[in-house]
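Note sheet for the following structure.
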Amino acid sequence: MRSSNPVFSRRGFSRDNGYAGFNAAPQAGGPAVGTQANPYAQGGNPYAQNPYAQQDLQHGAPPQAPVSTGRMTMDDVVMRSAMTLGTVTVGAILAWALLPVSSTSYGLAIGAALVAFVLAMVQSFKRTASPALILGYAAFEGVFLGVISEMYNSRWSGAPFQAVLGTMAVSGATLLVYKAGWVRVTARYARIGMTIAIAFVAVMAVNLLLVVFGVAGDGGLRSMGPLGAIVGILAILIGAFFLTLDFKQIEDGIAYGAPKEEAWLAAFGLTMTLVWIYVEMLRLVAIFSGDD
């Protein structure tokens, strides 16, 4: 089971098309933690040669992060995530300041969203991280978010600020639940969550087509009424699910000595998930604010 984000195509920290932490195939003769083998046991991984690391693995203890350079650390993930989210923020601020609410800015927002989607898909199918693609995605996504945030703010004053607070609250709560062990990210958990997420996106795609062709009025399932609020809450819960997969991938990547470049993939995934939550939170705030 690969972890995925809203576009359902982001890679995990595994190069065998498996999800590192769930179903990475054990290497012949290689040590395993529980039932899981180290997906980085080959290619010069320090764990493959370090007898002390081997001993830890045999006793079922999580491997210690290698001292040598070239391996991903939490600092790497934090730094790359700050750069990516910072790029989104700068793009959003510039778009808000330079693009007044108008039909032209709406068109630019849609164009920026399409470019961001293409860049995200290209990175998703690449086997290695491309900082240029990831930062490019973040910049265009920022333009899109800046325009729609200004649009919502013009009708529901303060909605973007409340959406940011809501996104931070959901992210913080999800991290707390994950670190406390109240949610265990297992293969079964991932399969069930991904099935629900894919079904949700499929239903939303059909709903969009029905709205475009005039079959479903007032946005259909994405209306600004109670039904739209329920759908929005479900979407935010799906975003929280994606966050747990992101946290698990980061944790496994560090524990198993993922290459330092993988930190860019961690930042990419976190950014996509947080954008997903923010957009849904923005709609939810607008729904609960009414037509004032």
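The values are calculated or read from the model by the stated rules, or taken from the named source; none is laboratory data. Since this is a predicted model, take the numbers as computed values, not measurements. Counting neighbours? That spans all protein chains shown, and the Cβs are built from the backbone with ideal geometry, glycine included. Surface accessibility is based on the protein's heavy atoms, side chains included, excluding ligands, DNA and RNA. Shrake-Rupley method; radii C 1.70, N 1.55, O 1.52, S 1.80 Å.
Numbers for the structure displayed
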{"read-out": "Accessible surface ranking that places the most exposed of Val212, Val285 first, with a 1.4 angstrom probe", "value": "Val212, Val285"}
{"read-out": "Fraction in percent of alpha-carbon pairs per bin - 10 Å, region 152-292", "value": "11, 34, 34, 16, 5, 0"}
{"read-out": "FRET efficiency estimate (nearest 0.05) - Cβ-Cβ, Arg191 to Ile110, R0 35 angstrom", "value": "0.55"}
{"read-out": "Built amide H within the under 5 Å cut-off of Ala216, gap 5+", "value": "Val211"}
{"read-out": "Per-residue HN-Hα couplings for region 114-119 [Karplus 6.51, -1.76, 1.60; θ = phi - 60°; Hz; x = Gly/Pro]", "value": "5, 5, 4, 5, 5, 4"}
{"read-out": "Sites Phe288 and Ala180, calculated FRET efficiency, Cβ-Cβ separation with R0 30 Å, nearest 0.05", "value": "0.60"}
{"read-out": "Region 73-82 - phi-based ³J(HN,Hα) in whole Hz, Karplus 6.51/-1.76/1.60, Gly and Pro as x", "value": "10, 5, 4, 4, 5, 4, 5, 5, 5, 5"}
{"read-out": "Long-range HN-HN contacts of Arg71 with modeled amide H, under 5 Å", "value": "Lys260"}
{"read-out": "Relative contact order [Cα under 8 Å, 6+ residues apart], region 181-234, whole percent", "value": "18 percent"}
{"read-out": "Accessible area of Asp246 in the full protein assembly, 1.4 Å probe (Å², nearest 10)", "value": "0 Å²"}
